1. Residue 85: in contact (Cβ under 8 Å) with a residue 24 or more places away in the chain and surrounded by 15 or more Cβ atoms within 10 Å (Cβ to Cβ), yes or no?
2. Kindly provide the set of residues from region 42-70 that are under 22 Å from residue 22 (Cβ atoms) and touching a residue at least 40 places away in the same chain (Cβ under 8 Å), ordered by number.
3. Here are some conditions: (1) free of Cβ contacts under 8 Å to residues at least 60 places away in the same chain; (2) out of contact with any helix residue (DSSP H, G or I) (no Cβ under 8 Å at 6 or more places or on another chain); (3) closer than 17 Å to residue 12 by Cα. Residue 108 meets all but one. Which one does it not meet?
4. Considering only region 58-118, give the strands (runs of 3 or more DSSP E) lying wholly within it that have at least 2 residues that are closer than 16 Å to residue 41 by Cα.
5. So which pairs qualify, if the first residue must be in region 115-131 and surrounded by fewer than 15 Cβ atoms within 10 Å (Cβ to Cβ), the second must be in a loop (DSSP other than H, G, I, E, B), the Cβ gap must be under 7 Å, and the two must be at least 6 apart or on different chains?
6. Name, by its number, the condition in (1) surrounded by 13 or more Cβ atoms within 10 Å (Cβ to Cβ); (2) not in a strand (DSSP E or B) that does not hold for residue 53.
7. Using the structure shown, decide if residue 129 is out of contact with any helix residue (DSSP H, G or I) (no Cβ under 7 Å at 6 or more places or on another chain), at pLDDT below 95 and in a helix (DSSP H, G or I).
8. Looking at (1) at pLDDT 95 or above; (2) farther than 17 Å from residue 146 by Cβ; (3) surrounded by fewer than 20 Cβ atoms within 10 Å (Cβ to Cβ), can you tell me which one residue 60 breaks?
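The values are calculated or read from the model by the stated rules, or taken from the named source; none is laboratory data. What you see is a predicted model; the values in this text were computed from it and never measured. As a convention, Cβ positions derive from the backbone with ideal geometry for all residues, glycine included, and neighbour counts pool all protein chains shown.
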């Protein structure tokens, strides 16, 4: 088990296992890290020059979202992640917007499909997932427009 982890362009999702362990899903690999999903998000933001709270405030200013906010972990690589629930809840999964291929509802479950062929069953409604993806896409759009300006 790794002791810490920095989000990078291969990071697909961060799935909490328990309060101190997360499963990292990357394009070509998955493994356990001895950190909570929130710790990984915060430490990665700090690695790229801010903090989770700084990124959260940035999202609030850019798109007016204050609850379950998507965040820009790193601007130049457009590393945008969004939470499946409130980040205060230990079951919160963080998903990379860049790696989403599709998402569907099957019976009472919501599935997200990634470009690398992996999928993840989420314990949130289809509408909630769709809303999170739309918020993250709005954030991405504003980021791209500002790069061109």
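1. Details: in contact (Cβ under 8 Å) with a residue 24 or more places away in the chain: yes; surrounded by 15 or more Cβ atoms within 10 Å (Cβ to Cβ): yes.
Spelling it out, residue 85 is indeed in contact (Cβ under 8 Å) with a residue 24 or more places away in the chain and surrounded by 15 or more Cβ atoms within 10 Å (Cβ to Cβ).
2. Passing the criteria: 47, 59, 68, 69, 70.
3. Unmet condition: (3).
4. Numbers: elements: 71-74, 79-83, 94-96, 100-106, 109-114.
Ranges flagged: 71-74, 79-83, 94-96.
5. Here the result reads 116/27, each pair linking region 115-131 to a residue that is in a loop (DSSP other than H, G, I, E, B).
6. Unmet for residue 53, out of (1) surrounded by 13 or more Cβ atoms within 10 Å (Cβ to Cβ); (2) not in a strand (DSSP E or B): (1).
7. No.
8. The one condition residue 60 does not meet is (2).
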